[in-house]
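Single-structure report; data block below.
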Amino acid sequence: MVSPSFSKLFIFLLITRAICCCLGQGGGDGGAMVRCIQSERRALLAIISNRSTNGLSGEGFSSWTGDDCCRWKGVTCDNATDRITELDLSFSQLVGQIPESLGNDLAHLVSLNLSYNDISGRIPESLGKLVRLQEVRLSDNHISGQIPETIGNLQNLRVLHLEHNSITGQIPRTMGDLCNLTELDLSSNNITGRIPESLGKLVKLQEVRLFDNLISGQIPETIGNLPNLRVMHLEGNSITGQIPRTMGDLCNLTELDLSSNNITGRIPESLGKLVKLQEVRLSDNLISGQIPETIGNWNLPNLRVLHLEGNSITGQIPRTMGDMCNLTELYLSHNKIYGELADLLDGLSSCAQGASLSSLNVEGNNLSGRIPTSLSKLSQIQNLYLSSNSFQGDVTGAHFSNLTNLYLLDISNNSLNVMLPTDWIPPFNNVLYISMSFCRLPAFPNWIRNQTSLQFLYLSSVGMSGNLPVWFSDLELITVFLDSNNLTGPLPQLGSIISWINLSNNSFVGPIPLTVNHDSYLYFLSLSHNKLNGSIPSSICNLTALLALELSDNNLTGEFPNCSNSSPNDLVYVHLNNNKLSGRFPSFLKHCGKLTILDMGQNRFSGEIPTWVVSYEFLMILRLSSNSFTGAIPVIANHSFLRVLDLSSNSLSGEVPSSLRNLTSIIERTNTSFPFGNDGYAESILITIKELTIEYPFSVLYLLASIDLSNNDLSGEIPTELTDLLGLTALNLSRNHITGKIPEKIGSLTQLESLDLSWNSLAGEIPSGISELHFLSHLNLSYNDLSGRIPTGTQLSTLNDSSIYAGNRGLCGMPLPQCRDVSSEAPSDAGDKENGDKIEKIFQIISIILGFVVGFWAYVGTIFMKQNLRVALFRSIDRSIDWIYVQLALKYGRLKSKWQRT
């Protein structure tokens, strides 16, 4: 039994202990004992204040009152020395910059955590003075500038987290002096330069994360000097060179991620020595060569994740990979791997405890052969991607017999025959995604009816025929692609929850059964190339989220619904061409500010083209051909995207607008891409060039720049501003009433491939600059009033077709008959030389005659003027005659004597 005196003593001791505890933990109120060092208290208040201009400020520091700073929020003091050792102000909505005073007044700080705030500015140099620091966490702020060199002074630092900031510059070499560092995270910044070799000195380092930066250069060989490294993440940089062989010395490495870089070369065989490896990600690089045989179960028994997709890996899948029974993810897609899957699947199916593989992705390779039925033994498979290879043969129920966990299935773009009976019941019922496009599937599969979780269905170009089943409308699909088949009958009811519908290129008949409410999330509707009739349902106005509307090549009639209360104002692509739609221009399109392609050609629309049609900021293609539009062509303001303008075959009047010069995307020769991308939208558009109407896929439309105003009632002259469109590839103004001359600067359109000005009233000569159009492959100037000589040139000589110039009576020259006055209009060099020689001979003859006349009369005149000369002359003549007579008489006498002797 306890005595009363002892009980009183025990109670007294308890009260005394309680009083001591209260005094030891009390604040500055009521005379309680203060533990905080006042100089450090003042330092904290200088660093963080609601009124601070040079330091940090924030909310939620109401507890920072009184003299005992050790009781303040986020502050921890040493029990023995009362010095501040830890400062944790994470998630405190701090703004401003970290002041330099931080490193001057808190010399005993061991841990600093300012992460998850809005801190900006640089990391202060004075941080290097806090040599007792073991942990620094400044992640998830807006810190900029370089990491200070003084960081290397923190010899006791074990953890450095600076991720998710805007830090620039290179990793300082002094970071290699942090000999006790175990965790380094600089990810998601703007760090540049190489990985310093000095990091190889951090022998205690266990985790390094440098991903999502701008780091370049090679991985240093010294990285192999880190025996304790467990995690290395360098993905999302611009690292080049090969994976160093020394990486095989990282004997404790469990995670390696080098994906999304520019790494080249082969996968080093030394990776096979890393027996603790669990995850390897080398995807999206430039790695080549074969997968080394060392990557297999015997070398890497713990490997669970292997991602090698998006490289240039060749060869076959090593047989040793069939022994990797613990592998859960294998991604080899988009490489150049060939061979068959038999060794891999047969090996994995032989695992004693069953294979762990849940995701297999080999799409986009050169694999061939049959898909082995051993696939069915991989009972853990959830995601199976075999698309875009050269697999062939039949796919039967035996391939899926044990795949109860199948969630994603893609065997599209192969030469496979899906031979599943109509009464087949699959072992899986929770599949989300099925793609069998471009395989062979004779009829719509009945087994899909039991897939209650199915949301994505792709059966394009599989050869299906017949009607869709009645229960198809009960499927709660998000995306359905059944295009390019032989499906017939009426369209199914298009549910309001479906986001993407493509039933184009079939033979569906009847009206469009579209019943949707204002909450519809339909983004893409393609029913083109069918046999649909009737009018466009007014419920289409409720598709407020619609981006693409494709109803072309049907038999639709009537006017477009008047969407007055609600309308699809986010439309980007609209194709209504090749129908029998009528009425005026749909007014709701005025509010579609993102419209990129508008094709209403080959219909019966009438009235004037609204001026706002050419004001769409992002419009690239406007095709209104073969309708009954009247009035003038609207004035075009500055337009940065419009590259195809087709208003042909209407009843438009007025002049060709000079405002066409405002098509800046054609003037600047820019290869404009789609402003909103195409989001998988793979349709095409009809464009008439070179008198041929061709379907151009979207992938090449940015290369075209075409203007077609043909077959209207346009008049006036061709505006000279058209010659400023330096990137124009096709121009058609034919079959109008255009007068005047062809612009002299037509030769400046150096990209022009097709030019048609036929059936107008153009006059004058063909400009010589037309011979400078070196890409011109189609030219038609027929049936105008052109005259003069046809220009010659290298490119025009290939267009040796007289029909190009037919109906122009005043034209001559190749390929038409030669002009008659060739010599006078264009004398040759030889003709000039011949004319010059004739003139020279005439001058020579004239000079000789003049010389003779002048000499003769100068001599004769002198004789007549002087008598003594005249007497001497005649005497000399008499003596000459006498001498001649004597000589002749002597000769005659000798000849006569000879005749008499004979």
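For the range 395-541, what does the relative contact order come out to in percent, with C-alpha contacts under 8 Å and a separation of six or more? Don't skip to the end; give the middle numbers.
Numbers: 346 pairs, mean separation 22.5, N = 147.
After rounding, I find 15 percent.
For the range 765-781 and the range 523-585, compute the distance between their C-alpha centroids and round to whole Å.
41 Å
Take the alpha carbon gyration tensor of the range 437-506, find the square roots of its eigenvalues, order them as a ≥ b ≥ c, and report rounded if a/c is under 1.5; if not, report prolate when a/b exceeds b/c, else oblate.
rounded
With a 1.4 Å probe and all protein chains in place, put T396, T373 in order of accessible area, largest first.
Largest to smallest exposure gives the sequence T373, T396.
Please turn the phi angles of the range 343-348 into ³J(HN,Hα) values with the Karplus equation 6.51 cos²θ - 1.76 cosθ + 1.60 (θ = phi - 60°), one per residue in order, whole Hz, x for glycine and proline.
Result, rounded to whole Hz: 4, 5, 6, 5, x, 5.
Please turn the phi angles of the range 569-586 into ³J(HN,Hα) values with the Karplus equation 6.51 cos²θ - 1.76 cosθ + 1.60 (θ = phi - 60°), one per residue in order, whole Hz, x for glycine and proline.
Values per residue, Gly and Pro as x: 6, 9, 4, 10, 10, 10, 10, 10, 5, 6, 10, 10, 5, 9, x, 7, 4, x Hz.
Work out the length of the dipole vector of the range 436-583 about its Cα centre, built from +1 on the beta-carbon of each Lys and Arg and -1 on the beta-carbon of each Asp and Glu, and round it to the nearest 20 debye.
With Lys and Arg at +1 and Asp and Glu at -1, about 360 debye.
Just to be sure I understand: if I project the alpha-carbon convex hull of the range 763-813 onto a plane and average over all orientations, what area do I get in nm²? Can you show the working numbers first?
Working: hull surface 12.1 nm².
Its average projected convex-hull area is 3.0 nm².
Using the Karplus curve 6.51 cos²θ - 1.76 cosθ + 1.60 with θ = phi - 60°, work out ³J(HN,Hα) for each residue of the range 620-632 in order, rounded to whole Hz, and write x for Gly and Pro.
10, 9, 10, 10, 10, 5, 6, 10, 10, 5, 10, x, 8
Around C77, what is the net charge, scoring Lys/Arg as +1 and Asp/Glu as -1 over all other residues with Cβ under 10 Å from its Cβ?
Values: positive: R35, R71, R83; negative: E40, D68, D78, D82, E86.
Neighbourhood net charge equals -2.
Divide, for the range 227-382, the radius of gyration over alpha carbons by 2.2 N^0.38 Å, where N is the residue count.
After normalising by residue count via 2.2 N^0.38 Å, the value is 0.99.
Please list, in chain and number order, the residues 5+ apart from I167 or on another chain whose amide H is under 5 Å from its amide H, with Hs placed from the backbone.
The answer is N190.
Skipping prolines and chain starts, which residues have an amide H placed within reach, meaning under 5 Å, of the one on E655, given they are 5 or more residues away or on another chain?
S715
With the Cα gyration tensor of the range 460-548 giving a ≥ b ≥ c as the square roots of its eigenvalues, does the rule (a/c under 1.5 for rounded; else a/b larger than b/c for prolate; else oblate) give rounded, prolate or oblate?
The shape class here is prolate.
Using 0.36 nm per residue, how much length does the chain from D474 to S651 gain when fully extended, once their Cα-Cα distance is taken away?
58.9 nm
Peptides 465-472, 237-244, 794-801, 206-213: what's the order by average Cβ count within 10 Å, highest mean first?
Highest to lowest by the protection proxy: 206-213, 237-244, 465-472, 794-801.
Taking the C-alpha atoms of the range 434-589, how large are the radius of gyration and the largest Cα-Cα span, Dmax, in Å?
15.3, 47
Which shape class, rounded, prolate or oblate, goes with the range 545-674 when its Cα gyration tensor gives a ≥ b ≥ c as root eigenvalues, a/c under 1.5 marks rounded, and past that a/b bigger than b/c marks prolate?
Oblate is the answer for the range 545-674, as a/c is 1.5 or above yet b/c matches or exceeds a/b.
Explain nothing, just the number: dipole magnitude of the range 568-645 about its Cα centre with +1 on each Lys and Arg Cβ and -1 on each Asp and Glu Cβ, in debye rounded to the nearest 20.
Dipole of the range 568-645, to the nearest 20 debye: 160 debye.
The values are calculated or read from the model by the stated rules, or taken from the named source; none is laboratory data. Computed from a prediction, not measured in an experiment: that's the story for all the values here. Cβ atoms come from the backbone with ideal geometry, glycine included; neighbour counts cover every protein chain shown. Note: accessible area is taken over every heavy atom of the protein model, side chains too, but ligands, DNA and RNA are not part of it. Shrake-Rupley method; radii C 1.70, N 1.55, O 1.52, S 1.80 Å.
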